[in-house]
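Below is one structure, written out as structure tokens; comments come after it.
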Amino acid sequence: MAINSEKLYNELINHGINFFTGVPDSLLKNFCGYIEDNVKKTSHIIAANEGNAIAIASGHYLATNKIPLVYMQNSGLGNAINPLLSLCDPDVYSIPMIILIGWRGEPGIKDEPQHVKQGKVQEELLDTLGIPYECISKDEKNIYVKISECVSLAKKESRPVAILARKGTFEKYIIKSKNNSNNTMSREDALDVIIKNVDQKSIMVSTTGKTSREILEIREKRRESHSKDFLTVGSMGHCSSIALGIALSRPEQEVVCIDGDGSLLMHLGSITALVDYKPKNLKYILINNNVHESVGGQRTVASELNIFSIISSISKNDCFQASTIDDLKNLLPDFMVKKELSFLEVNVYPGSRDDLGRPTIKPIENKVNFMKAIEKNAEKS
């Protein structure tokens, strides 16, 4: 039987855990949604990335001597490794916390290709990090016993302890605190307009999640090749750096990067490298819907920031902004012909089609086709 998020929350409260931080995950979205709806903002921090969450949780413990809970997808454990080992480890500051991890790519459970390797090494990785852990699932009979043991161990040894949640662990919970957007444009409609205005010789690098899925479907709907699109199905927050590496290595090749607000915020510092090197052949487009769309629709801190002003303040290059389809159609021609690094923020409302498909090509196939397309473009130039 799946775990009720409210019951789990109350159990954690009974153990003195009343502070929550992390990055939303699809396997934990029901629990994360309950926390978002029922915990005051100062006690629930949706962090930019998982390393930030570990540090925030550490600050809470240092100030209160109370154990916090950090939630994340296992793919985000890489972001958390540095503060876990150099801050929280018993050999350093010895800071206790509970880490609730959604186990994507668990061996024997079908999942997307970007999660397979991470899922395969998940338990071995925790062992290597020296982090004790327990696994929970919808069939778990002793879940609260396990949670009690994890909290006791974290307190006794003053160390991080993990709980691995398998697919389907939590009962469905409908989040109430949805983002109320005034935007009139969907992401898919925006992408459709953008792709129409991208030169056929250009290549695109798109962020993880539904953005890349929609780009793939738009291409197939138009019966166009997607060989010039690099769909960054994993590595959240890094598509702008991938695009920068390509743009600097192939200065004759126009590169269009399509990012999302959650991805941008996860590694916001990456933008400074774009501004520092100023590749004239790179166009950066941010699709901003103020939520973590692919993992349950929890808000991002983009809703509290003026990202356009941030980018404008660090860049002397041309910056554009569109909040309607007409705006986007009108400014894209000027944006696309710029012969210098340019930024475009496209404000859209959250949501996607219920029948949105998954990628029909394997990552390695995408990579090979993409590299061939770049090479072919280079031969023609």
> If amide H atoms are built 1.01 Å from N in the plane of the peptide, which residues on other chains or at least 5 residues away come under 5 Å of the amide H of GLU254?
Replying inline: ILE203
> Is it possible to state the helix-based mean residue ellipticity at 222 nm for the chain, with each DSSP H run of 4+ residues giving -39500 (n - 2.57), the sum divided by total residues, to the nearest 500 deg cm²/dmol? What is it?
Replying inline: -12500 deg cm²/dmol
>> I need the shape label for the stretch 1-125. Rule: rounded when a/c is under 1.5, else prolate if a/b > b/c, else oblate, with a, b, c from the alpha carbon gyration tensor.
In response: oblate
> At a probe radius of 1.4 Å, what is the per-residue accessible area of TYR144, in Å² to the nearest 10?
Replying inline: 80 Å²
> Rounded, prolate or oblate: which one fits the stretch 268-381, using the alpha carbon gyration tensor with axes a ≥ b ≥ c (rounded when a/c is under 1.5, else prolate when a/b beats b/c, else oblate)?
Replying inline: oblate
> Does anyone have the angle between helix 239-249 and the longest principal axis of the chain? Alpha-carbon axes, 0 to 90°, nearest 10?
Replying inline: 40 degrees
> Out of residues 5 or more away from TYR71 or on other chains, whose amide H comes under 5 Å of its own, with H placed 1.01 Å from N in the peptide plane?
Replying inline: THR21, GLY22, VAL23, LEU100
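Using 0.36 nm per residue, how much length does the chain from SER152 to ASN330 gain when fully extended, once their Cα-Cα distance is taken away? Mind dumping the intermediate values first?
Numbers: separation 178, 0.36 × 178 = 64.08 nm, distance 6.03 nm.
Full extension of this stretch gives 58.1 nm more.
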> Check ASP229: other-chain or 5+ apart residues with amide H under 5 Å from its amide H, H built from backbone geometry?
Replying inline: MET204
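At 0.36 nm per residue, minus the direct Cα-Cα distance, what do SER181 and ALA378 gain on full extension? Give it in nm, one decimal, please.
Separation in residues times 0.36 nm, less the Cα-Cα distance, equals 66.7 nm.
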>> Please give the Cα centre distance for the stretch 259-306 versus the stretch 32-94, rounded to the nearest Å.
In response: 22 Å
> Residue farthest toward the positive end of the dipole of the chain, with Cβ of Lys/Arg at +1 and Asp/Glu at -1: which of SER158, GLY108, LEU328?
Replying inline: LEU328
>> Compute the angle between helix 29-38 and the longest alpha-carbon principal axis of the chain, please, reported from 0 to 90 degrees and rounded to the nearest 10.
In response: 70 degrees
>> What does the C-alpha gyration tensor say about the overall shape of the stretch 183-274? Classify as rounded when a/c is under 1.5, otherwise prolate if a/b is larger than b/c, or oblate.
In response: oblate
> Any idea which of THR21, VAL205, ILE81 is furthest toward the positive side of the dipole for the chain, if Lys and Arg beta-carbons carry +1 and Asp and Glu beta-carbons -1?
Replying inline: VAL205
> Using the alpha-carbon atoms, what tilt in degrees (0 to 90, nearest 10) does helix 363-380 show relative to the longest principal axis of the chain?
Replying inline: 20 degrees
> So how do THR208, THR360 rank on accessible area, 1.4 Å probe, biggest first, that is with the largest at the start?
Replying inline: THR360, THR208
>> I'd like to check one number: the per residue accessible area of the chain, probe 1.4 Å, reported in Å² as a whole number.
In response: 46 Å²
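The values are calculated or read from the model by the stated rules, or taken from the named source; none is laboratory data. As the structure is a computational prediction, the values presented were derived from the model and not from experiment. No Cβ is skipped: glycine too gets one built from the backbone with ideal geometry, and neighbour counts run over all protein chains shown. Ligands, DNA and RNA are excluded from the accessible area calculation, which covers all protein heavy atoms including side chains. Shrake-Rupley method; radii C 1.70, N 1.55, O 1.52, S 1.80 Å.
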